[in-house]
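A.B. asks: Structure below; questions to follow.
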Amino acid sequence: MQKIPNWADVVLVPLISLLLAAIISAIVLLIIGQNPIEALGILISGALGTSTNLSYTLYYTTNFIFTGLAVAVAYHARLFNIGAEGQAYVGGLGAALACLYVPWPHWTIALIGAGATAAIFGAAWAAIPAYLQAKRGSHIVITTIMFNYISYPLLNYLLNGPIKAEGMEAATPSFASNTHLPNLSEVLGFFGIEFARTGPANVALIVALIACVGVWALIWRTKLGYETRAYGESEPAAKYAGINPTKIIMVAMLISGGLAGMMAINNVMGEAERLVLNAVEGAGFIGIAVALMGRNHPFGILLAALLFGALYQGGAELSAEMRIPREMVTVIQALVILFTGALDNMVRMPIEKIFLMIRNNKEAN
Amino acid sequence: MDLLALFDIAVLDGTVRLAVPLLLACLAGLFSERAGVFDIGLEGKMLISAFFAAAVSFETGNVWIGLFAGIASSVVLSLLHGLASITFRGNQLISGVAINFFASGITVIAAQAWFGQGGRTPSLTGGARFDPIVFPGALTKIRDIMKADWGMKVYSELLSGHTIIAYAALLIVPLVWWLLYRTRFGLRLRAVGENPGAVDTAGISVQRMRYSAVIICGVLTGIAGAYLSTGIQAGFVREMTAGRGYIALAALIFAKWRPWYALGATLLFGYLQALAIRPDILERAIGFKVQTQVLDALPYVLTVIVLAGFVGKAIPPRAGGEAYVKER
């Protein structure tokens with residue numbers, strides 16, 4: 001017998017976890033002498049107040065969908081990929097190389113070509129930790145963290161040397177105008193809807209939504225997805241059923257890294273239109289919180305990515321208007337990971353007790 | 001080519017300096033993991049301790065009070081990790097990740113609210129820092145050391161002139177060995193990481209053993225963090241741990257969860273870090289210039305090679321990473 005109904009598991013438990021995270025964040029704000037209610041107001045208006053703000057929120061959302069999906073796909077195979085940050089960074093290198101050195105005739109083809117290159121670069125960066133896990137049993141958590149730390153000096157070298165543009169800044173030259181992705185105002189304008197011209201949200205959001213559907217189909221509608229979930233549930237049982245662990249680990253991590261790399265079409269191609277140092281800005285790590293919050297389901301990830309997108313954009317306004325450091329978002333992210341991921345039972349157990357009580361009462365009557 | 005330059009006294013001195021926080025964090029992880037609790041939150045605990053040690057040292061002017069504050073903050077995060085992974089049987093990796101992010105954010109927020117200097121503490125001077133201990137007769141001026149003979153150099157720069165924490169860290173190694181292998185507590189601690197069921201059957205509380213291991217881990221990471229901000233540097237700056245917690249974990253695997261090996265492994269990583277800040281010495285030794293970014297990446301690349309098991313197989317404690325569920 002199931003202890004709690006499905007809706008409580010999917011909605012109630014995450015909601016209470018979120019509430020706990022919010023309460024502690026409010027306490028942190030009180031301690032540093034800020035007004036949490038005022039902060040919440042600025043956070044919301046900063047994220048959704050104008051269509052430009054909304055565009056920024058959706059831009060961050062797009063990043064977090066990609067990294068959230070990346071973490072989730074690996075997690076279904078019970079692989080904890082902390083390397084989405086580095087994979088997205090190296091994916092950005094792939095997108096930049098494709099945009100700089102290939103004369104794309106039209107943005108649609110550039111999107112496909114550079115997107116594929118970004119995915120391949122991201123997947124390649126995930127492939128080594130995956131191989132080491134599958135073949136040599138190296139702990140994937142630590143190796144992917146190490147690969148994050150290796151990607152920074154690598155990009156630092158490239159952006160200060162071989163692919164650096166003229167000038168002081170560590171960045172590549174700007175991409176050719178043929179690779180310019182239409183932003184959301186152009187996309188929506190096509191349908192006659194007015195939207196902020198200045199915001200960074202772009203057509204990559206649509207690709208991210210397609211990726212959500214793709215990941216859903218992959219995990220719940222294909223043999224590979226079934227095998228991945230089976231392996232994640234129980235390695236010995238999966239092995240007994242003839243599922244090849246090496247294959248699952250490799251494929252799950254390649255898809256994971258590929259999704260993280262794909263993020264580059266949003267931040268590198270869609271927004272900056274060149275590769276700069278620290279282009280990922282922590283989106284890879286936020287993907288961990290997004291995946292946990294979204295229960296590793298693409299629809300949940302979409303909602304969690306929207307939430308974190310709003311938090312990220314609203315957080316920027318907070319630091320501008322109330323001098324609350326942007327690191328507040330990191331703290332909130334940590335609390336969400338803590339409550340939804342590690343302290344899950346602390347929230348779940350009392351709820352289970354309540355439902356059990358209700359059920360017993362009903363049976364008694 | 002001058003391979004002897006690789007043993008330049010300044011690099012060796014830097015090795016000891018940089019190995020100390022790694023060693024303390026590595027031994028901290030050793031306690032936790034030997035008791036069956038994986039801890040990738042070493043990084044965050046070092047960071048929060050580095051901040052509180054520096055902040056309280058600055059406020060009180062007394063580095064010992066700062067050290068205590070740093071340890072206390074680290075132990076609080078340890079207890080949080082214990083709550084999540086021991087009491088509520090949560091995922092130990094996720095708990096560790098959350099702790100790292102929490103520390104990374106809260107230290108900057110607290111530093112900003114406290115001192116308003118962009119997420120750092122003011123520079124520490126005088127009694128707010130750990131002073132180097134100078135051995136009798138040791139030279140202290142760099143110019144004198146440069147001119148001294150080899151034996152004097154080793155005595156003055158390598159052996160003398162470290163802070164009390166550095167010497168204490170080296171003494172902790174045999175202490176940890178003795179505690180683990182020669183006491184009843186150590187036997188039970190190791191047993192709880194291998195076969196908690198058997199320990200439970202013997203009437204010993206698995207939870208209590210694991211909590212004590214996690215608290216010891218918090219104390220040691222606390223010392224490591226305090227050493228960073230009040231020993232090596234004079235104050236806290238954001239993200240000043242720079243991945244040391246993760247390198248300590250890799251060293252722990254390299255060391256096969258053994259105290260003396262941990263000393264060797266952390267000295268090796270300390271050496272690589274010391275070399276990375278002296279590219280001129282490496283250039284003199286191997287005869288060509290190495291990109292600084294290669295040196296930056298080197299400890300992490302080496303860690304991956306270590307993890308890949310190219311230096312012998314490391315078998316972790318068997319019950320590591322799993323919460324113990326008492327049978328009824």
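The values are calculated or read from the model by the stated rules, or taken from the named source; none is laboratory data. Remember, it's a predicted structure, so these values are computed and weren't measured experimentally. For neighbour counting, all protein chains shown are included, and Cβ atoms are generated from backbone atoms with ideal geometry for every residue, glycine included. Calculation scope for accessible area: heavy atoms of the full protein, side chains included, ligands and nucleic acids excluded. Shrake-Rupley method; radii C 1.70, N 1.55, O 1.52, S 1.80 Å.
A.B. asks: Can you list residue pairs whose Cβ atoms sit under 6 Å apart, with the first residue in segment B:39-66 being touching a residue at least 24 places away in the same chain (Cβ under 8 Å) and the second being among the charged types (D, E, K, R) and surrounded by fewer than 24 Cβ atoms within 10 Å (Cβ to Cβ)? Count only pairs 6 or more apart in sequence or on different chains.
C.D. replies: Every condition considered, the pairs that remain are B:63/B:129.
A.B. asks: Among the listed residues A:259, A:277, A:302, identify the single one that is open to solvent by 30 Å² or more (accessible area, probe 1.4 Å) and modelled with pLDDT of 95 or more.
C.D. replies: A:302
A.B. asks: When residues of segment A:338-355 are filtered for being free of Cβ contacts under 8 Å to residues at least 12 places away in the same chain and either of a type in the set (S, T, N, Q) or open to solvent by less than 40 Å² (accessible area, probe 1.4 Å) (or both), how many remain?
C.D. replies: 2
A.B. asks: Does residue A:260 fit the bill of being over 30 Å from residue A:170 (Cβ atoms) and small (Gly, Ala, Ser)? It would help to see each step written out before you state the result.
C.D. replies: Values: over 30 Å from residue A:170 (Cβ atoms): no; small (Gly, Ala, Ser): yes.
In short, no.
A.B. asks: Within segment B:279-320, restricting attention to residues that are surrounded by fewer than 16 Cβ atoms within 10 Å (Cβ to Cβ) and modelled with pLDDT under 80, which residue is nearest to residue A:83 (Cα to Cα)?
C.D. replies: This residue is B:309.
A.B. asks: Separate question: Test residue B:233 against the criterion of being facing chain A (nearest Cβ under 9 Å), within 24 Å of residue A:156 (Cβ to Cβ) and open to solvent by 40 Å² or more (accessible area, probe 1.4 Å), and give yes or no.
C.D. replies: In short, no.
A.B. asks: Separate question: Could you list, in sequence order, all residues of segment A:130-182 that are in contact with an Asp or Glu (Cβ under 7 Å, 6 or more places away or on another chain) and either within 14 Å of chain B (Cβ to nearest Cβ) or of a type in the set (D, E, K, R) (or both)?
C.D. replies: A:148, A:153, listed by residue number.
A.B. asks: Right, next: Search segment B:137-149 for residues that are within 11 Å of residue B:9 (Cβ to Cβ) and pair each with any residue that is part of a helix (DSSP H, G or I) when their beta-carbon atoms are under 7 Å apart and the residues are at least 6 apart or on different chains.
C.D. replies: That search, which allows pairs on different chains as well, returns B:145/B:153; B:145/B:156; B:145/B:157; B:148/B:156.
A.B. asks: For segment A:308-325, name all the residues that are in contact (Cβ under 8 Å) with a residue 24 or more places away in the chain and either facing another protein chain (nearest Cβ under 7 Å) or farther than 18 Å from residue A:54 by Cα (or both).
C.D. replies: Passing the criteria: A:322, A:324.
A.B. asks: Right, next: Of everything in segment A:68-81 that's within 14 Å of another protein chain (Cβ to nearest Cβ) and within 11 Å of the chain's Cα centre (by Cα), which residue is surrounded by the most Cβ atoms within 10 Å (Cβ to Cβ)?
C.D. replies: Step one: filter segment A:68-81 for residues within 14 Å of another protein chain (Cβ to nearest Cβ), giving A:71-72, A:74-75, A:78-81.
The next check asks that each one be within 11 Å of the chain's Cα centre (by Cα); those that pass are A:71-72.
Values: A:71: 29, A:72: 26.
In this case the residue turns out to be A:71.
A.B. asks: Considering B:293, B:273, which residue is within 13 Å of another protein chain (Cβ to nearest Cβ) and either over 14 Å from the mean Cα position of the chain (by Cα) or charged (D, E, K, R) (or both)? Lay out the reasoning, then the answer.
C.D. replies: Values: B:273 fails: either over 14 Å from the mean Cα position of the chain (by Cα) or charged (D, E, K, R) (or both).
Being within 13 Å of another protein chain (Cβ to nearest Cβ) and either over 14 Å from the mean Cα position of the chain (by Cα) or charged (D, E, K, R) (or both) holds for just one of B:293, B:273, which is B:293.
A.B. asks: From the list A:138, A:151, which one is among the polar types (S, T, N, Q) and in a loop (DSSP other than H, G, I, E, B)?
C.D. replies: It is A:138.
A.B. asks: What number of residues within segment A:7-55 satisfy the criterion of being more than 14 Å from chain B (Cβ to nearest Cβ), outside any helix (DSSP H, G or I) and polar (S, T, N, Q)?
C.D. replies: Matching residues across segment A:7-55 total 1.
A.B. asks: Also, quick follow-up: Hey, residue A:328 hits all of (1) touching a Leu at 6+ places or on another chain (Cβ under 8 Å); (2) away from chain B (no Cβ under 14 Å) but one; which does it fall short on?
C.D. replies: (2)
A.B. asks: Please enumerate the residues belonging to segment A:230-280 that are among the β-branched types (Val, Ile, Thr) and free of Cβ contacts under 8 Å to residues at least 60 places away in the same chain.
C.D. replies: Step one: list which residues in segment A:230-280 are among the β-branched types (Val, Ile, Thr), which gives A:243, A:246, A:248-249, A:251, A:255, A:265, A:268, A:276, A:280.
Across segment A:230-280, the qualifying residues are A:243, A:251.
A.B. asks: For segment A:103-126, which positions are open to solvent by less than 60 Å² (accessible area, probe 1.4 Å) and of a type in the set (A, V, I, L, M, F, W, C)?
C.D. replies: Result: A:104, A:110, A:111, A:114, A:116, A:118, A:119, A:123, A:124, A:125, A:126.
A.B. asks: Take segment A:339-365 and flag every residue that is hydrophobic (A, V, I, L, M, F, W, C), out of contact with any Phe, Trp or Tyr (no Cβ under 7 Å at 6 or more places or on another chain) and farther than 13 Å from residue A:22 by Cβ.
C.D. replies: Hits for segment A:339-365 are A:342, A:349, A:351, A:354, A:355, A:356, A:357, A:358, A:364.
A.B. asks: Still on this structure: I'm told residue B:38 meets every condition in (1) open to solvent by 10 Å² or more (accessible area, probe 1.4 Å); (2) in a helix (DSSP H, G or I) except one. Can you identify the failing condition by its number?
C.D. replies: Condition not satisfied by residue B:38: (2).
A.B. asks: Here is a further query. Report, ordered by the first and then the second residue, all pairs with beta carbons closer than 9 Å, sequence separation of six or more or different chains, a first member in segment B:77-92 that is on the phi > 0 side of the Ramachandran plot, and a second member that is in a helix (DSSP H, G or I) and surrounded by fewer than 24 Cβ atoms within 10 Å (Cβ to Cβ).
C.D. replies: Pairs found: B:89/A:345.
A.B. asks: Do we find a residue being assigned to a helix (DSSP H, G or I), in contact with a Leu (Cβ under 9 Å, 6 or more places away or on another chain) and under 19 Å from residue B:248 (Cα atoms) anywhere in segment B:190-213?
C.D. replies: Within segment B:190-213 (the criterion being assigned to a helix (DSSP H, G or I), in contact with a Leu (Cβ under 9 Å, 6 or more places away or on another chain) and under 19 Å from residue B:248 (Cα atoms)), the answer is yes, since at least one residue qualifies.
A.B. asks: While we're here: Out of everything in segment B:56-81 that is more than 11 Å from every other protein chain (Cβ to nearest Cβ) and closer than 18 Å to residue B:209 by Cβ, what residue ends up being farthest from the chain's Cα centre (by Cα)?
C.D. replies: Among those residues, the one meeting the criterion is B:79.
A.B. asks: Of everything in segment B:142-170, what is open to solvent by 50 Å² or more (accessible area, probe 1.4 Å) and not aromatic (Phe, Trp, Tyr)? Give them in sequence order.
C.D. replies: Of all residues in segment B:142-170, those open to solvent by 50 Å² or more (accessible area, probe 1.4 Å) come to B:142-144, B:146-147, B:149-150, B:152-153, B:155, B:159, B:164, B:167, B:170.
B:142, B:143, B:144, B:146, B:147, B:149, B:152, B:153, B:159, B:164, B:170 - these are the residues of segment B:142-170 that are open to solvent by 50 Å² or more (accessible area, probe 1.4 Å) and not aromatic (Phe, Trp, Tyr).
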